[in-house]
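The values are calculated or read from the model by the stated rules, or taken from the named source; none is laboratory data. Since we're looking at a predicted model, the values are computed, not measured. Every residue, glycine among them, receives a Cβ derived from its backbone with ideal geometry; neighbour counts consider all protein chains shown. Accessible surface areas use protein heavy atoms only, side chains included; no ligands, DNA or RNA. Shrake-Rupley method; radii C 1.70, N 1.55, O 1.52, S 1.80 Å.
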Amino acid sequence: MAPLSPVTMDTPLRYLKGVGERRAAQFERLGVGTVGALVRHIPRAYEDWSRLTPLVNAPFGEACCVKATALEAPAEHRVRKGMTLYRFRAGDGSAVMQVTLFNNKYAAARIRAGEEYLFFGPVGGNFTRREMASPLIEPAEGGERIRPIYRQTEGLSTRVIEGCVARALEALGTALDDDPLPAELRLRHSLCTRRFALENIHFPTGSEALAVARKRLVFEELLVLQLGLLRLKGRARSASAAVMAHDYTAEFYSLLPFSPTGAQRRAIADCVGDLRGASPMSRLIQGDVGSGKTAVAAGVAFTAIKNGWQAALMAPTEILAEQHARSLSALLAPGDVHVGLLTGSQSAGEKREVLERLADGRTDLIVGTHALLSEGVRFARLGLVITDEQHRFGVGQRAGLAAKGINPHLLVMSATPIPRTLALIIYGDLDVSVLDELPPGRQPVETYAVRSSKRERAYNYVKKHIDEGRQAYIVCPLVEEGEGETDLASAAEYAQKLAGGPLKGYSLGLLHGRMKPAEKERTMAAFARNEISVLVSTTVIEVGVDVPNAVIMVIENAERFGLAQLHQLRGRVGRGQHKSTCILISDAQNEEAVRRLRVMCVTNDGFQIADEDLKLRGPGDFFGSRQHGLPALKIADLNGDMPLLLEAQTEARALIASDPELEQAEHLPLAEEVRRLFDQVTEQGLN
Ligand code: ADP
Ligand code: MG
């Protein structure tokens, strides 16, 4: 039943006239659930039906739009069973062409001799005999315009989407005039109204109108994103934070088995300064792989705990959560800190016990996966939330865990170096401390790219180091996504082959994503104790795993990995005193892959690698929500729109400075847009 209330941006799509349950479900697959989402479903390209080409000038093989009169009614030719052609001639006075439609009785029936049509598509044939095969055809009247092309999905053609968008714009009516951007702001930045922008982004009256529409939508998108991030940062600036008066860093250093690097000292001091401040901390620790972020987290947690608060550390994988729980417990237990672990795979009994200890305050530091976000997790006095490898978490998840305390302090740790220009937006909501120093004695990981014909030599190299007491990782070939079970089979098979052949007699372990968590944990623990010499693994070891005695990493099919991923994988070695080596095996010829491997061989610097990555992949891809847990940008392109980004950011800062909660009447619609954008992230992030 359609509601009687007028259509708004939030009206579910199935209530839009002409969109039934089935269509609505199809749109859902495109991530479009409301009327608002539909009108913001931006065309990926346009067909220019407004620029007409005289037939005689039509370039062969290139799509163009021709206005011509049908010289006859289509004639039907049955060529064989299941294949019927409809043919007719059409001319525009400059030339005549033959039009052929395949099995399209419906389109053919609409053609009347003597009527004028627009034909869109490539012209084929030659100068004496022009033809168009299956062109798009529209009546000439009213057809001369720029038409949108949408990303399609099964059952939803771009034309169907176009029709629905047109209906949505019409149904919205005066609701389109509710503009989230105040008129004064639009004027200052030369931006058109929302109505003009939405109408013209779908149905531009010309290329200039399209550019104007696009600019406005890009600005709005970036402004809303920036506002959301700034509000996270400034969250409850007025409310009191978990109060922490004392600095226990010196006591913490006496527990550490090593002396902290200067960068670690500075980062801990930054954080403790924040903890002792009046408003909650929102800080990012950015440090390349192996720079010692865990010790920083431990130090900050120690001070929070000694001030009487609980701390939570969220890690993206169970392997990592367990590793952290193990090492933090070993480190902090002598300091009288009780560390707990919560993961999705614990038994109901175990979980209950953990949750009880947490709720009554016996546990000081809880380490866990996103299981920490679940409903039943309650803290006695949560004062500090830490997320490790934050690029794996959504902004929404960060906020979700924070909501379990009353404005707790927030610390996020990331090993993903971000080119400086992008850091501006991506971490717009955080203060940043950089760990720009590796622990002493670290040597760069020597890296070689070799062909598969050298595989034997690579194995021999592995054996030589195992014989000296060291350990190795072998990352087995990636299987194409979607092959499901074969992934597991191939990892197991590969390990089997090694065990029976080149690495016979050595103790091998196997680790892959489909193993039961308990099994994974057992294997990792055995590897950490050096009971396993070679860990054959899929990319599950990509983040955070820390076994300093492992000094060799062999990566099969290295060309299949992106630069950031290779850097993370390689970061598993070179974590101790011993010289480490990474061998990238690849027979790839393609230029981009070769360049990626070369970058890995010449530098260990995460920032440099990130810059190269950005050059190779382009910022759009880099910025996707999977990388950084931010809402994906739908319109803005960070290559071309950087100036607008800076403009939007300045504006966002000014807005928040004048109205921190966006509660003035003219800012309410903007606040609403921010809520919409970040709700969507929370939903995506939690799946
Ligand atoms: P990441 O920044 O990649 O998370 P980790 O915190 O796992 O790095 O630390 C990497 C390794 O370096 C660990 O084995 C850790 O014990 C060790 N480490 C950290 N800080 C120091 C230090 N100041 N001196 C010596 N070793 C350190
Ligand atoms: Mg780490």
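In the range 26-47, how many are open to solvent by 30 Å² or more (accessible area, probe 1.4 Å), farther than 22 Å from Leu210 by Cα and at pLDDT 90 or above?
Matching residues across the range 26-47 total 1.
Where the second residue is in a loop (DSSP other than H, G, I, E, B) and away from ligand 2 (no atom under 11 Å from the Cβ) and the first is open to solvent by 10 Å² or more (accessible area, probe 1.4 Å) and lies in the range 288-305, which pairs have Cβ atoms under 6 Å and are six or more apart or on separate chains?
That search, which allows pairs on different chains as well, returns Gly292/Pro439; Ile305/Val337; Ile305/Asp364.
Take Glu481 and tell me if it is modelled with pLDDT under 90 and either in a helix (DSSP H, G or I) or not basic (Lys, Arg) (or both). Spell out the reasoning first.
Values: modelled with pLDDT under 90: yes; either in a helix (DSSP H, G or I) or not basic (Lys, Arg) (or both): yes.
Yes.
Hey, which of the helices (runs of 4 or more DSSP H) in the range 507-602, taking only ones fully inside, have at least 1 residues that are within 16 Å of ligand 1 (Cβ to nearest atom)?
517-528, 563-570
Condition check: surrounded by fewer than 17 Cβ atoms within 10 Å (Cβ to Cβ), at pLDDT below 70, within 30 Å of Arg231 (Cα to Cα) and more than 16 Å from ligand 2 (Cβ to nearest atom). Does Arg420 satisfy that? Break it down stepwise before answering.
Working: surrounded by fewer than 17 Cβ atoms within 10 Å (Cβ to Cβ): yes; at pLDDT below 70: yes; within 30 Å of Arg231 (Cα to Cα): yes; more than 16 Å from ligand 2 (Cβ to nearest atom): yes.
Yes, satisfied.
Based on what the data block shows, is Ile555 of a type in the set (A, V, I, L, M, F, W, C), within 25 Å of Arg455 (Cα to Cα) and within 15 Å of ligand 2 (Cβ to nearest atom)? Give the derivation first.
Numbers: of a type in the set (A, V, I, L, M, F, W, C): yes; within 25 Å of Arg455 (Cα to Cα): yes; within 15 Å of ligand 2 (Cβ to nearest atom): no.
No, not satisfied.
Before we move on, is Ala371 at pLDDT below 90 and more than 16 Å from ligand 2 (Cβ to nearest atom)? Steps first, please.
Working: at pLDDT below 90: yes; more than 16 Å from ligand 2 (Cβ to nearest atom): yes.
Judged against the criteria, Ala371 is a match.
List the helices (runs of 4 or more DSSP H) inside the range 141-209, counting only whole elements, that have at least 1 residues being under 24 Å from Leu16 (Cβ atoms). It would help to see each step written out before you state the result.
On the way: elements: 158-172, 183-188, 194-202.
In the range 141-209, 158-172, 194-202 are the helices (runs of 4 or more DSSP H) which contain 1 or more residues that are under 24 Å from Leu16 (Cβ atoms).
Inside the range 268-286, can you point out the residues that are farther than 22 Å from Leu382 by Cβ and within 16 Å of ligand 2 (Cβ to nearest atom)?
Of the residues in the range 268-286, the ones farther than 22 Å from Leu382 by Cβ are 269, 286.
Scanning the range 268-286 gives a single hit, Gln286.
Can you pull out every residue in the range 573-620 that is open to solvent by less than 30 Å² (accessible area, probe 1.4 Å) and either within 16 Å of ligand 2 (Cβ to nearest atom) or free of Cβ contacts under 8 Å to residues at least 24 places away in the same chain (or both)? I'd like the intermediate steps shown before the answer.
Here is the first cut: in the range 573-620, the ones open to solvent by less than 30 Å² (accessible area, probe 1.4 Å) are 573-574, 576, 580-586, 588, 593, 597, 599-600, 603, 606, 609-610, 613, 618-619.
Matches in the range 573-620: Val573, Gly574, Gly576, Thr603, Gly606, Gly618.
Considering each of Glu356, Glu318 in turn, give the residue that is within 16 Å of ligand 2 (Cβ to nearest atom) and open to solvent by 20 Å² or more (accessible area, probe 1.4 Å). Before you say what the answer is, go through the steps one by one.
Working: Glu356 fails: within 16 Å of ligand 2 (Cβ to nearest atom).
Unique residue meeting the criteria: Glu318.
Can you pull out every residue in the range 448-468 that is touching a Ser or Thr at 6+ places or on another chain (Cβ under 8 Å) and open to solvent by 50 Å² or more (accessible area, probe 1.4 Å)?
Hits for the range 448-468 are Tyr448, Ala449, Arg451, Tyr461.
Write out, first by first residue and then by second, each pair whose Cβ atoms fall under 6 Å of each other, whose residues are 6+ apart or on separate chains, and whose first residue, in the range 663-679, is more than 9 Å from Pro180 (Cα to Cα) while the second is of a type in the set (A, V, I, L, M) and surrounded by 14 or more Cβ atoms within 10 Å (Cβ to Cβ).
Val674/Val224; Val674/Leu227; Leu677/Val224
Scan the range 432-459 and report the pairs whose first residue is assigned to a helix (DSSP H, G or I) and whose second residue is open to solvent by 50 Å² or more (accessible area, probe 1.4 Å), with Cβ atoms within less than 6 Å and a gap of 6+ or a chain change.
Short answer, once both residue conditions are applied: Ser452/Asp587.
With respect to Val66, determine if the residue is open to solvent by less than 20 Å² (accessible area, probe 1.4 Å) and assigned to a strand (DSSP E or B).
Numbers: open to solvent by less than 20 Å² (accessible area, probe 1.4 Å): yes; assigned to a strand (DSSP E or B): yes.
Taking the combined requirement at face value, the residue satisfies it.
Condition check ((1) at pLDDT 95 or above; (2) within 16 Å of ligand 2 (Cβ to nearest atom); (3) touching a Gly at 6+ places or on another chain (Cβ under 9 Å); (4) open to solvent by less than 10 Å² (accessible area, probe 1.4 Å)) across all residues:
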site	(1), (2), (3), (4)
Lys504	no, no, no, no
Ala518	no, no, no, no
Ala528	no, yes, no, no
Ile541	no, yes, no, yes
Asp546	no, yes, yes, no
Phe561	no, no, no, yes
Gly571	no, yes, yes, yes
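Restricting the search to the range 402-417, which residues are within 16 Å of ligand 2 (Cβ to nearest atom) and either basic (Lys, Arg) or modelled with pLDDT of 85 or more (or both)? Break it down into steps so the answer makes sense when it comes.
So in the range 402-417, the residues within 16 Å of ligand 2 (Cβ to nearest atom) come out as 411-417.
Across the range 402-417, the qualifying residues are Leu411, Val412, Met413.
Does at least one position in the range 496-507 carry a residue that is under 32 Å from the mean Cα position of the chain (by Cα) and small (Gly, Ala, Ser)? If you could, list the steps in order and put the result at the bottom.
Step one: list which residues in the range 496-507 are under 32 Å from the mean Cα position of the chain (by Cα), which gives none.
No: the range 496-507 contains no residue that is under 32 Å from the mean Cα position of the chain (by Cα) and small (Gly, Ala, Ser).
Of the numbered conditions (1) away from ligand 1 (no atom under 14 Å from the Cβ); (2) within 23 Å of Thr249 (Cβ to Cβ); (3) hydroxyl-bearing (Ser, Thr, Tyr), Ser345 fails exactly one; give the number of that condition.
Unmet condition: (2).
Being in contact (Cβ under 8 Å) with a residue 40 or more places away in the chain, within 27 Å of the chain's Cα centre (by Cα) and open to solvent by 10 Å² or more (accessible area, probe 1.4 Å): is that true of Gly308 here?
For Gly308, the condition - in contact (Cβ under 8 Å) with a residue 40 or more places away in the chain, within 27 Å of the chain's Cα centre (by Cα) and open to solvent by 10 Å² or more (accessible area, probe 1.4 Å) - is not met.
For the range 321-336, which positions are among the acidic types (Asp, Glu) and either under 32 Å from the mean Cα position of the chain (by Cα) or open to solvent by less than 30 Å² (accessible area, probe 1.4 Å) (or both)? I'd like the intermediate steps shown before the answer.
Taking the range 321-336 and keeping what is among the acidic types (Asp, Glu), we get 322, 336.
Across the range 321-336, the qualifying residue is only Glu322.
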